[in-house]
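Chemist: Below you'll find the structure I mean.
The values are calculated or read from the model by the stated rules, or taken from the named source; none is laboratory data. The structure displayed is predicted, hence computed values, not measured ones. Cβ sites come from the backbone with ideal geometry, for glycine too, and all protein chains shown count toward neighbours. The area values use the complete protein model at the heavy-atom level, side chains included, leaving out ligands, DNA and RNA. Shrake-Rupley method; radii C 1.70, N 1.55, O 1.52, S 1.80 Å.
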Amino acid sequence: MAAPATPRPSLILSRASSHSHSQPSAGGLTSDRVTASNRRRGDFVFVVNPSGANGRTGKQWKQLLPHLRARLADQCNICECITSGPSHAIDVTREAIKDGVDAVIAVGGDGTLHEVVNGFFWKGSPVCALDRGPDHSTALGLIPLGTGSDFARTFGWTNDPRDATDRIVRGVKSKLDIGVMEGANREPHFFVNVADIHLSAKAGYFASMYKRFGNLCYVFGALRAFWGHNNRDMRIKVNGGEWRTVHKVTALCIGNAKYFGGGMKITPTADPFSGNLEVVILQDFKWHDFLLKLHRLYGGTHLSVNGVSSIRVQSIEVAEVTASGDIFVQSDGEHFGFLPTKFSVLPGAVDFFC
């Protein structure tokens, strides 16, 4: 998705009385002011999308911040960044990691999490702290406050920010897999939830235009996507093997986690700690098939339906049989581009608060 350039911020913590709070620093970051001695407690950066969920995220964040400070006061220095537009969260995350912070917490929906995850990488490689040594790593966290919050559903989490705070306070972390996408003449792009192709990706593209309607945006997006839709033959290559043709593809979904589209359990056996991706292919679906089988798609019981297949992969390449350049690709609900695209997994790439 095209995005305006944003300044590359630097995370600067003030060295002053620990009684002062929320002094601005570069790049839109604010932090609790701290002394040099308690600087070693660790720095947690909370990246907040204030416009998420039609502005509810920003309001909820203001209500949550005093509770967060009370719970984490003895554990870390709290730094907040209020994002100002597309890709800002990517820039802030990269600079924070280079400055050696201990955690970056995405506050918002799947789009905010998607940008923060991409901030953990630069030109296909992990971003590293400049002066913390090779053993230091920055953890990823999530306070789900967005429209869909589909990634959180995989863990059975709700949009209760106090529950999310409890997870961060406990500090339990696991090694989270990250998906990688490589398109023609493009740098690698990263996803944490679900990437998808053709009808569902086109529906996601249109749904982004109706976010003001909450979860109804997915319904409106699907209706627009169905208009003029045709199932297409595609070629796939699994784990570097031989190319084979899959006929009349309606949608092809690559899941690191289970849910997309506001609660549809599309890749029901995906596990973001397994080192694999689940690929689910829907073939020769008509509009009435979705109406009749929608409950199975949402419930995750569709793998036994005719025209649905599932495989587990470490990588899959997808291309058109006859190139047209108009088959949509998206990841985590964000438009990526068009086929051809290669998808693969980085096992255990990021420490994640869970």
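Chemist: Across the stretch 264-277, which residue is surrounded by the most Cβ atoms within 10 Å (Cβ to Cβ) among those that are touching a Ser or Thr at 6+ places or on another chain (Cβ under 9 Å) and not β-branched (Val, Ile, Thr)?
Modeler: Step one: list which residues in the stretch 264-277 are touching a Ser or Thr at 6+ places or on another chain (Cβ under 9 Å), which gives 264-273, 277.
Filter once more, so that each one left must be not β-branched (Val, Ile, Thr): 264-265, 268, 270-273, 277.
Details: Met264: 22, Lys265: 22, Pro268: 17, Ala270: 26, Asp271: 17, Pro272: 26, Phe273: 14, Leu277: 29.
Of everything passing the filter in the stretch 264-277, Leu277 is surrounded by the most Cβ atoms within 10 Å (Cβ to Cβ).
Chemist: With Arg162, Arg153, Arg186 as the choices, which residue is basic (Lys, Arg), open to solvent by 30 Å² or more (accessible area, probe 1.4 Å), touching a helix residue (DSSP H, G or I) at 6+ places or on another chain (Cβ under 7 Å) and in contact (Cβ under 8 Å) with a residue 24 or more places away in the chain? Quick ask: steps written out before the conclusion?
Modeler: Working: Arg153 fails: touching a helix residue (DSSP H, G or I) at 6+ places or on another chain (Cβ under 7 Å); Arg186 fails: touching a helix residue (DSSP H, G or I) at 6+ places or on another chain (Cβ under 7 Å).
After applying the criteria, what remains is Arg162.
Chemist: Where residues in the stretch 110-147 are closer than 19 Å to Lys211 by Cα and out of contact with any Phe, Trp or Tyr (no Cβ under 8 Å at 6 or more places or on another chain), which of them is surrounded by the fewest Cβ atoms within 10 Å (Cβ to Cβ)? Can you show your working first?
Modeler: Filtering the stretch 110-147 down to residues closer than 19 Å to Lys211 by Cα leaves 110-115, 144-147.
Add one more test, that the residue is out of contact with any Phe, Trp or Tyr (no Cβ under 8 Å at 6 or more places or on another chain), and what stays is 111-112, 115, 146-147.
On the way: Gly111: 22, Thr112: 26, Glu115: 25, Gly146: 26, Thr147: 26.
For the stretch 110-147, the residue satisfying everything is Gly111.
Chemist: Looking for whichever is at pLDDT 95 or above, closer than 26 Å to Ile78 by Cα and hydroxyl-bearing (Ser, Thr, Tyr) here; the options are Thr165, Thr158, Thr154, Thr147. Which one fits?
Modeler: After ruling out the rest, the residue left standing is Thr165.
Chemist: Let me ask you something else. When the residues of the stretch 301-337 are filtered to those that are without any contact (Cβ under 8 Å) to a residue 24 or more places away in the chain and either in a strand (DSSP E or B) or aliphatic (A, V, I, L, M) (or both), which remaining residue is surrounded by the fewest Cβ atoms within 10 Å (Cβ to Cβ)?
Modeler: Among them, the one singled out is Ala323.
Let's see how each residue does on (1) within 27 Å of Tyr218 (Cβ to Cβ); (2) touching a residue at least 12 places away in the same chain (Cβ under 8 Å); (3) open to solvent by less than 10 Å² (accessible area, probe 1.4 Å); (4) in a helix (DSSP H, G or I):
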site	(1), (2), (3), (4)
Pro50	yes, yes, no, no
Arg56	yes, yes, no, yes
Lys62	no, no, no, yes
Pro66	no, no, no, yes
Ala70	no, no, no, yes
Val92	no, yes, yes, yes
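Chemist: Which of the residues belonging to the stretch 114-162 are among the acidic types (Asp, Glu) and not in a loop (DSSP other than H, G, I, E, B)? Let's see the steps before the verdict.
Modeler: Filtering the stretch 114-162 down to residues among the acidic types (Asp, Glu) leaves 115, 131, 135, 150, 160.
Glu115, Asp150 - these are the residues of the stretch 114-162 that are among the acidic types (Asp, Glu) and not in a loop (DSSP other than H, G, I, E, B).
Chemist: What number of residues in the stretch 240-253 are in contact with a strand residue (DSSP E or B) (Cβ under 7 Å, 6 or more places away or on another chain) and surrounded by fewer than 14 Cβ atoms within 10 Å (Cβ to Cβ)?
Modeler: Adding up the residues that qualify gives 5.
Chemist: Restricting to the stretch 183-216, count the residues that are more than 16 Å from the chain's Cα centre (by Cα) and farther than 22 Å from Ala152 by Cβ.
Modeler: Adding up the residues that qualify gives 11.
Chemist: Which of (1) of a type outside the set (A, V, I, L, M, F, W, C); (2) open to solvent by 60 Å² or more (accessible area, probe 1.4 Å); (3) touching a residue at least 60 places away in the same chain (Cβ under 8 Å) is the odd one out, the single condition Lys237 does not satisfy?
Modeler: Failing condition for Lys237: (2).
Chemist: Sticking with this one: Residues of the stretch 254-263 being open to solvent by less than 20 Å² (accessible area, probe 1.4 Å) and not β-branched (Val, Ile, Thr), which ones?
Modeler: Gly255, Asn256, Ala257, Gly262, Gly263
Chemist: Which residue out of Gly262, Gly275, Gly241 is at pLDDT below 95 and assigned to a loop (DSSP other than H, G, I, E, B)?
Modeler: So the residue among Gly262, Gly275, Gly241 that is at pLDDT below 95 and assigned to a loop (DSSP other than H, G, I, E, B) is Gly262.
Chemist: If you go through the stretch 168-183, how many residues are part of a helix (DSSP H, G or I) and open to solvent by 20 Å² or more (accessible area, probe 1.4 Å)?
Modeler: Summing the residues that are part of a helix (DSSP H, G or I) and open to solvent by 20 Å² or more (accessible area, probe 1.4 Å) in the stretch 168-183 gives 2.
Chemist: Further question: I'd like the full set of residues that are in a helix (DSSP H, G or I) and either hydrophobic (A, V, I, L, M, F, W, C) or crowded, with 18+ Cβ neighbours inside 10 Å (or both), limited to the stretch 278-300.
Modeler: Taking the stretch 278-300 first, the residues in a helix (DSSP H, G or I) are 287-299.
Once the filter is applied, which keeps residues that are in a helix (DSSP H, G or I) and either hydrophobic (A, V, I, L, M, F, W, C) or crowded, with 18+ Cβ neighbours inside 10 Å (or both), the stretch 278-300 yields Trp287, Phe290, Leu291, Leu292, Lys293, Leu294, Leu297.
Chemist: So how many residues does the stretch 191-215 have that are out of contact with any helix residue (DSSP H, G or I) (no Cβ under 7 Å at 6 or more places or on another chain), in a helix (DSSP H, G or I) and not hydroxyl-bearing (Ser, Thr, Tyr)?
Modeler: The total comes to 2.
Chemist: Hey, any hits in the stretch 100-109 for a residue that's open to solvent by 20 Å² or more (accessible area, probe 1.4 Å) and modelled with pLDDT under 95?
Modeler: Among the residues of the stretch 100-109, not one is open to solvent by 20 Å² or more (accessible area, probe 1.4 Å) and modelled with pLDDT under 95, which makes the answer no.
Chemist: Checking Cys217 against (1) farther than 17 Å from Ser310 by Cβ; (2) free of Cβ contacts under 8 Å to residues at least 60 places away in the same chain, which single condition isn't satisfied?
Modeler: Against the list (1) farther than 17 Å from Ser310 by Cβ; (2) free of Cβ contacts under 8 Å to residues at least 60 places away in the same chain, Cys217 comes up short only on (2).
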